[in-house]
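> Mind having a look at this structure? Questions to follow.
Bear in mind that the values in this text are calculations on the coordinates, not laboratory data. These numbers were taken from a predicted model, which means no experiment stands behind them. A quick note on method: Cβ atoms are made from the backbone with ideal geometry, for glycine too, and the neighbour counts reach across all protein chains shown.
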Amino acid sequence: MKVDENLIKKYSKTGPRYTSYPPATFFDENFSNFDFEKKIIQSNDENPQNISVYIHIPFCPQICHFCGCTTESGFTKPFLERYVDAVIKEITYVSKLINKDRKLTQIHWGGGTPNAISYKYIERITNKLYEVFDFSQNYEMAIECNPAHLEFRHIELLKKFGFNRISLGIQDFRNDVLDAINRKPSKHPIDDIIKKIKDEGFTGTNIDLVYGLPLQTVESFKNTVKRAIELDTERIVTFSYAHVPSILPRQKILEQIGFPSSKEKATMYENSYDLFMKAGYVSIGMDHFSKPGDEFEVALNNKQLHRNFQGYCTRETTGQVYAFGASSISQLDSAYIQNIKNAAQYINSIEKNNLAVLRGYAVNNEQKIVRDSINSIMCNYYLDLTEIAAKNNCSKNKVIEAIDFNPSKFEDFICDNLIKIEDSKLIVFEKGRLFTRNIAMRFDPLINQKVGTYSNTI
């Protein structure tokens, strides 16, 4: 796949990543613990009925300069124990507000570095989940792991605790790139780690790569992708580095080294795409690649792929997300709720109030229509107005009004052969996938308000 350099220049703008709609920049700090409780109870009568759980472990032995996650370092054992106690208390309290007949289908552990804490704490939290929720027979429990802190015995323990997917944050195979972003390389050969994961019977393994980092070149990242393909994992993710130093001051350190240009980043994307296609992988959404037969491919083919703050997910595992831990974001049908970001403040609030809400947002019916429309474009590369209307129990005209759908708004994309519009459908061509965020922005009535800071779309 080759993308015209002129198109890159034309569409390289700042915009939301649309992990939620409205984006997190619109969340309101007047949203209270009491508001959250009401929304949890309301969520019992909303769809999807399945439950997804997110556990945030914000602690890292050292902070990577590129990272956009809420992280902390220098934690002590007594403080970590208080944090785990708080997460368990929060889970216990929230679970009492959720109907017991609802199934838990997806659990995702993120951070920070979840695998850098003692595994007895991971076991305690998972045991609490088993205690208070009814697990679906086909549940997925995934954990993000930094291979710099991953031992073979840890993989055995994770399997014992019920985990069935591991995501390895490799980012790049070059040590000089890792040094530049303040990240340690894998403690053990990646090949041996992957083999151990497979031998233990995990359902799947993800590899995370990041392009656009300092010292990366077009050729070096091509080699990184080739190396990832050799590992033969079920899924590989190639994230575009988001440089937002106004939000994450630590990223300013990287400016002293410099970054690949927008053209070079686009070429990295193109080369990666071509290499994955040649190797037999399937393109999933904007940045994921999976093997044929993987549930992601099945969901994509059935136009049933979804996306949340944790990434892509399928219709089977998708649920309303109830998130636990500092900075974590719950994604319910009618609301988003983010916890207090600072771990100490989070602990204090949980110990006093059982909840620790920092901010939130109540989503109205029109915004749900926009959310579904954007999700369809971001996940499945198409939009069917009739399907969106059926999902939201409204007329097609209501959908058209909510997203201000007018073919004339897309003339530039059409002329550049990135999309086509037929009847009530908008279809994104293969060469248009790089510009998915740009296309999605045309459905966003809030985009002109320019609330918050966004990363470049390309």
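> Can you give the charge dipole size of region 182-233 about its Cα centre, rounded to the nearest 20 debye, using +1 on the beta carbon of Lys and Arg and -1 on the beta carbon of Asp and Glu? Could the numbers behind the result be given before it?
Working: 9 positive and 8 negative charges, 41 e Å.
With Lys and Arg at +1 and Asp and Glu at -1, about 200 debye.
> Taking only C-alpha pairs under 8 Å that are 6+ residues apart, what is the relative contact order of the chain in percent?
Details: 834 pairs, mean separation 102.2, N = 458.
Rounded, it is 22 percent for the chain.
> Turning to a different aspect of this structure: Sort C394, C379, C67, C145 so the one with the fewest other Cβ atoms within 10 Å of its own Cβ comes first.
So the residues, fewest neighbours to most, are C394, C67, C379, C145.
> Hey, another quick one. Cβ neighbours within 10 Å, averaged per peptide: list 36-43, 165-172 in order, most packed at the top.
In descending order of packing, they fall as 165-172, 36-43.
> Here is a further query. Fewest to most neighbouring Cβ within 10 Å: what's the order for R183, R102, R307?
R102, R307, R183
> Follow-up. By a straight-distance test (C-alpha under 24 Å), which lysines pair with K425 as possible cross-link partners, with residues fewer than eight away in the same chain excluded?
The qualifying lysines are K303, K368, K391, K396, K398, K409.
> I'd like to know which of L300, M277, L355 lies farthest towards the positive end of the charge dipole of region 275-391, counting +1 on Cβ of Lys and Arg and -1 on Cβ of Asp and Glu.
L355
> Provide the per-residue ³J(HN,Hα) series for region 380-392, in order, calculated from phi with Karplus coefficients 6.51, -1.76, 1.60 and θ = phi - 60°, each as a whole number of Hz, with x at glycine and proline positions.
10, 6, 7, 9, 10, 4, 5, 5, 4, 5, 5, 5, 9
> Something else: Using only DSSP helix segments of four residues or longer, with each worth -39500 (n - 2.57), what per-residue ellipticity at 222 nm results for the chain after dividing by its residue count and rounding to 500?
That calculation yields -11000 deg cm²/dmol at 222 nm.
> Moving on to the next point. Relative contact order for region 365-449: what is it in percent, counting Cα pairs under 8 Å that are at least 6 residues apart?
34
> Using the Karplus curve 6.51 cos²θ - 1.76 cosθ + 1.60 with θ = phi - 60°, work out ³J(HN,Hα) for each residue of region 223-228 in order, rounded to whole Hz, and write x for Gly and Pro.
Karplus-based 3J(HN,Hα) across region 223-228 equals 5, 4, 5, 4, 5, 4 Hz.
> Something else now. Cα centroids of region 370-447 and region 282-331: how far apart, whole angstrom?
The two parts, judged by their Cα centres, are 20 Å apart.
> Let me ask something else. Search the structure for amide H atoms under 5 Å from the amide H of Q320, placed 1.01 Å from N in the peptide plane, and list their residues when 5 or more places away or on another chain.
Residues meeting the amide H criterion: N50, S52.
> When the dipole is taken about the Cα centre of region 174-287, and only Lys, Arg (+1) and Asp, Glu (-1) are charged at their Cβ, what size is it in debye, to the nearest 20?
Roughly 240 debye for region 174-287.
> Taking H placed 1.01 Å from N in the peptide plane, check which residues at least 5 places from F135 or on another chain put their amide H under 5 Å from its amide H.
Those qualifying (amide H under 5 Å, at least 5 residues apart or on another chain) are L104.
> Among all cysteines in the chain, which have no other cysteine Cβ under 4.7 Å from their own Cβ?
When partners are defined as cysteine Cβ atoms under 4.7 Å apart, the chain leaves C60, C69, C145, C313, C379, C394, C415 without one.
> Collect residues whose amide H, placed 1.01 Å from N in the peptide plane, falls under 5 Å from the amide H of L358; neighbours closer than 5 in sequence don't count.
Answer set, sorted by chain and number: Q338, N339, I340.
> Sticking with this one: Assign unit charges at the C-beta atoms only (+1 for Lys and Arg, -1 for Asp and Glu), then state the dipole size of region 36-94 relative to its Cα centre in Debye, rounded to the nearest 20.
Its charge dipole is roughly 140 debye.
> Among [x] -0.73; [y] -0.83; [z] -0.94, which is the computed log10 I(q)/I(0) by the Debye sum over Cα atoms at q = 0.10 Å⁻¹?
[x]
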